[in-house]
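Below is one structure, written out as structure tokens; the observations come after it.
Read-outs: derived from the displayed coordinates by stated rules, not from any lab. All values reported here derive from a predicted model rather than from experimental measurement. Heads up, the Cβs are rebuilt from the backbone with ideal geometry, glycines too, and the neighbour counts pull from every protein chain shown.
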Amino acid sequence: MYTNFEYYTPTKVVFGKGTVCQVGDLVKAHGGSKVLLHFGGQSAKKSGLLDRVKESLDASGISYVELGGVVPNPHVGKVYEGIELGKKEGIDFILAVGGGSVIDSAKGISLGLANEGDVWDYFIGKRAPSKALPVASVLTIAAAGSEMSHGAVITNEKNGLKRDFGADFLRPAFTIMDPELTMTLPDYQTASGAADILMHTMERYFNKEDNMDITDAISEALLKNVMEYAKILVDDPKNYKARADLMWAGSLSHNGLTGCGTAGGDWATHNMEHEIGGMFDVAHGAGLAAIWGSWARYVWKAAPHRFVKFAINVMGVTPGADDAETVEKGICAMEDFYRAIKMPTNMKELGVTPTDEQIEFMAASCHEKTGGANGAVVPLNKEDMAKIYRMAL
Ligand code: NZQ
Ligand code: ZN
């Protein structure tokens, strides 16, 4: 039986070479008059992108104040700084120039400017906001999908907790996606982004029940496309076609499309990875790659038909003697892919070695965050998650 669904993607997408010069007019068309220009560490400055954005804002008569310095796994401290600055300057629009971290930080600021009280409360589920200031992005990395998603993920640097909040009113007003902007990425970030894009669709693909057929078909095509082009980028990072496919896949993978007519997806791998990211500050996609195989091996028996379908339709393996063999071939093929793009397949390769105590902490913290067992294929309790973390060592 197909699951009812709602699909809401209000974000205007402006895609292709040279589209950055449209940013000023787009801000104006979306009602922005005083912009907070938000960006990361140094890449947008170094590449000259920030200057191009400012030129376009100037040409459209939009005034702005700048706030840079967003780090990967963005900090709530920077969000507070943005809220304070935004209040002082009378900001009515936030423009993120960067990747998921900058966009999420912008979303956090937009929540803080539109609602009263401590913004961190929204991320720990203490209170619920009702609105947000408009946010838009000039995207510089194909990865998190925040440019169209309803979510934001923020880390509290004081306690290492990484938490997310989602609401439709957080979906960005527009996004400018010029694949050429991603050509300056370090190889590791390109690959980590690809791993995250894959995972956003895999999370939705793996349900206990079957998904809508058309959704499975879209998901399978997307996964195969991302793997093909991510491999091309290992040797040919300036390949425009591959950059473009990856960039559009990143948005489609996380704007809700691959979740239509599904039971909602699993998301345990994401929930567990956010604990690793909060504690060890790793690149999100790499963290996902490091634990996915262990998760899959732990849960597949609860939904063998989904894992067999994945192995054959996505990973292209020939069926084994039984489901167990086919599923294992599929998981191994995905891990081979991760290795081919230099992504880790366990935590050692990721560069972290959590202690027993840290594993117990992450499992308990994840359990608390999700309000109990999490995951659609197998609802995982603390003990399950601790076992999966250990399998991934
Ligand atoms: O700070 P700069 O100097 O810009 O460097 C960044 C950063 O070091 C660099 N970079 C980005 N674009 C570049 C570039 N370097 C050179 N050239 C470019 N064109 O790449 C590094 C990583 O950037 P980041 O924004 O952290 O990457 P990503 O887009 O992967 O975002 C990861 C964050 O998004 C969250 C993750 O948990 C993580 O915190 N996620 C957000 C989601 C959402 N809002 O819907 C969903 C995801 O599942 C994810 O959890
Ligand atoms: Zn993700």
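Extension gain for the segment Tyr7 to Glu89, taken as residue separation times 0.36 nm less the Cα-Cα distance, is 26.0 nm to one decimal.
How are the C-alpha pair distances of segment 56-98 spread across 10 Å bins, as whole percents from the shortest bin up? P(r) over segment 56-98, rounded to whole percents: 23, 53, 22, 2.
Straight-line cross-link partners of Lys238 among the aspartates and glutamates, defined as a Cα under 16 Å from its Cα and at least 8 positions apart when in the same chain: Asp178, Glu180, Asp187, Glu228.
Using the Karplus equation 6.51 cos²θ - 1.76 cosθ + 1.60 (θ = phi - 60°), what ³J(HN,Hα) coupling, rounded to whole Hz, does each residue of segment 220-225 give in order, writing x for Gly and Pro? Each residue's phi maps through the Karplus curve to give 5, 5, 4, 4, 5, 4 Hz. From the P(r) of segment 12-99, can you give the percent of Cα pairs sitting at distances over 21 Å? Roughly 30 percent, rounded to a whole number. Centre-to-centre separation between the Cα atoms of segment 311-343 and those of segment 57-79: 42 Å.
I'm a student and want to see the number: the projected area of the Cα convex hull of segment 162-306, averaged over all directions, in nm².
Working: hull surface 37.3 nm².
Convex hull of Cα atoms, orientation-averaged projection: 9.3 nm².
Spin-label model, Glu180/Ile214: points 7 Å from Cα along the beta carbon direction are separated by 3.6 nm. For segment 265-393, the Kirkwood estimate of hydrodynamic radius, built from reciprocal distances between every pair of different alpha carbons, is 14.8 Å. By how many degrees, 0 to 90 and rounded to 10, does the Cα axis of helix 100-114 deviate from the longest principal axis of the chain? Once rounded, one gets 60 degrees.
Give the calculated FRET efficiency between Glu360 and Asp236 to the nearest 0.05, with a Förster radius of 51 Å applied to their Cβ-Cβ distance.
With a Förster radius of 51 Å, E is 0.70.
Return the Rg/Rh value of the chain, two decimal places, where both radii are evaluated on C-alpha atoms and Rh is the Kirkwood radius. Across the chain, the Cα-based Rg/Rh ratio is 0.96. Pairs spanning more than 28 Å between alpha-carbon atoms, out of Lys46/Lys348; Lys54/Lys88; Lys12/Lys45; Lys162/Lys348; Lys348/Lys382: Lys46/Lys348. When the chain is treated as a Gaussian network with alpha carbon springs shorter than 10 Å, the biggest mean-square fluctuation among Tyr205, Tyr338, Tyr298 belongs to Tyr298.
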